[in-house]
Amino acid sequence: MSTPPFVHLHVHSQYSLLDGACRTEDLVGEAEGLGMEALALTDHGVLFGAIEFYKNAMASEVKPIIGCEVYVAPGDRRDRSPHQGEYAYHLILLAQNQTGYQNLMYLSSMGFLEGFYYRPRVDKALLRERSEGLIACSSCLHGEVSIHNVNGRAREARQAALEYQEIFGEGNFYLEVQNHDIEEEHRNIDAMISLSREVDIPLVATNDVHFMKPEHAESHEVLLCIQTGKTLLDTDRMHSNPQLFFRTQAEMANLFAGLPEALENTTDIAKRCNLLLEFGEMHLPRYPLPQGFKSLPEYLRHSAFEGARNRYPKIDETVEERLEYELETIEQMGFPGYFLVVADFTRQARSMGVPVGPGRGSAAGSLVSYCLGITDIDPLAYDLLFERFLNPERATRGGARSSGTWWRSTARRVWPRSSPSGPWPRGRP
């Protein structure tokens with residue numbers, strides 16, 4: 001009898017600080033060694049390891065799924081008042097595509113900027129706003145649905161599950177079941193099965209991976225002690241669980257022998273997560289054009305010459321020729337928006353009393369920068385070369401290239417080996 005396919009969708013690396021004890025390269029290597037076609041990374045509240053994990057996976061035979069175990073505030077994310085009960089519920093989010101990845105980055109950032117209270121938190125209002133392209137799973141015993149289940153609050157569990165399904169859309173929310181030989185988890189599994197049948201939300205089986213091997217549990221104990229300010233000699237402290245390791249497909253099949261659909265759903269989710277990232281390309285912010293201008297180069301030219309009239313008593317031939325040359329080079333290299341954005345934030349910084357230097361390095365050689373107010377050094381007065389700053393002979397449209405391995409776009413490549421989602425670009429470009 002063959003082992004049912006399985007994909008790990010709840011995995012913590014060393015970037016789940018003082019909690020995860022897995023290096024991303026070890027996670028990918030183990031998944032590849034076990035013949036797993038895909039693997040997710042879902043660190044606590046952060047995406048610190050996402051790119052490292054993605055590159056490691058793309059250099060292997062493993063399809064990367066970028067995710068995050070976010071913390072969901074029980075009310076408004078900005079409410080930091082002390083209260084009884086949970087200050088944050090856990091929720092697994094997985095990016096299906098570029099939109100999902102951008103929303104995941106936004107949620108993680110807002111968790112720190114607006115919702116931080118012990119942990120970076122989002123709330124359901126923010127999830128509604130940024131749910132597109134994401135698949136959600138109800139997470140571990142600290143998930144909202146699981147907490148209600150374990151405490152015998154079936155009505156509240158049902159209400160929470162239906163609310164998450166409404167937020168992410170039908171088919172994009174799964175009830176997560178875990179089995180780490182914990183009494184509360186056994187009760188939760190039974191409750192999740194009943195709830196799944198009642199509201200027709202599918203189950204998904206996961207293992208809450210925090211370290212690679214069972215024997216690594218002792219090292220994980222040390223991490224938890226550092227995190228909580230305890231020592232190994234303290235009896236009243238958080239303990240690790242030796243079951244939080246990277247299980248094989250066969251081990252997961254044994255744990256969930258009665259729930260084959262929960263295992264199959266891991267591969268179904270993996271098929272739907274097809275995020276492709278491009279490296280070596282410059283992605284600049286979009287600068288909003290003021291009314292009356294048709295293009296960024298046109299507006300940059302206008303701004304540069306307006307600035308020149310403020311910098312010089314008279315725009316002579318030397319100034320005009322240098323500006324024309326620089327503007328032509330900037331347009332050729334695709335950087336008009338970049339100059340406008342930098343001018344915008346340096347101008348704003350000065351208006352707020354934030355110190356801005358006169359310019360450093362090769363940037364001081366740009367007359368356009370001087371006229372826009374980015375720098376305060378006249379390159380003509382000191383005979384500074386613009387080519388040291390921007391030179392089309394040694395840079396691409398996406399920016400100057402350095403030595404080393406450059407990751408090219410994989411979106412147009414077709415690889416022979418199939419994955420849970422069909423042909424998938426694999427191997428180092």
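Throughout, read-outs are computed from the coordinates displayed, never taken from laboratory work. Given the structure is predicted, the values throughout are model-derived calculations rather than measurements. Using ideal geometry, Cβ is built from the backbone for each residue, glycine included, and neighbour counts are taken over all protein chains shown.
Restricting the trypsin sites (Lys or Arg not before Pro) of the range 1-91 to loop positions (DSSP other than H, G, I, E, B) with no more than 15 neighbouring Cβ atoms within 10 Å leaves Arg78, Arg80. Could you work out how far helix 154-168 tilts from the main Cα principal axis of the chain, as a 0 to 90 degree angle to the nearest 10? For 154-168 against the chain, the angle is about 30 degrees. When the chain is treated as a Gaussian network with alpha carbon springs shorter than 10 Å, the biggest mean-square fluctuation among Met36, Met282, Met110 belongs to Met282.
Restricting to the chain, compute how many DSSP beta bridges are antiparallel as a %, nearest 5.
That works out to approximately 45 percent antiparallel.
Residues of the range 355-372 falling in the label zone of Glu387, defined by backbone nitrogen less than 15 Å from a point 7 Å along Cα to beta-carbon, are 365-366. Can you give the log10 of the normalised intensity I(q)/I(0) at q = 0.10, 0.11, 0.16 Å⁻¹, computed with Debye over equal Cα scatterers of the range 244-367? Values returned for q = 0.10, 0.11, 0.16 Å⁻¹ are -0.55, -0.59, -0.93.
Neighbour counting of Cβ atoms within 10 Å sorts the residues His216, His186, fewest neighbours leading, into His186, His216. Name the most mobile residue of Asp378, Asp123, Asp316, meaning the one with the largest mean-square fluctuation, in a Gaussian network model of the chain with Cα contacts below 10 Å. Result: Asp316 has the largest fluctuation of those listed.
Think of the chain as a dipole: +1 on every Lys or Arg Cβ, -1 on every Asp or Glu Cβ, centred on the Cα centre; then among Gly45, Ala157, Phe211, Gly45 lies furthest on the positive end.
When the GluC sites (Glu not before Pro) in the range 164-205 are filtered for DSSP coil states and for at most 12 other beta-carbon atoms within 10 Å of their beta-carbon, the remaining sites are Glu170. Counting neighbouring beta carbons within 10 Å and listing from fewest to most, the residues Tyr101, Tyr106, Tyr15 come out as Tyr106, Tyr15, Tyr101. With neighbour counts taken as other beta-carbon atoms within 10 Å, the residues Thr99, Thr42 rank, fewest first, as Thr99, Thr42.
The local environment of Met36, defined by Cβ-Cβ distances under 10 Å, has a net charge of -3 under the rule Lys, Arg +1 and Asp, Glu -1. In the range 296-400, the alpha-carbon atoms span a convex hull of 101 Å³ per residue.
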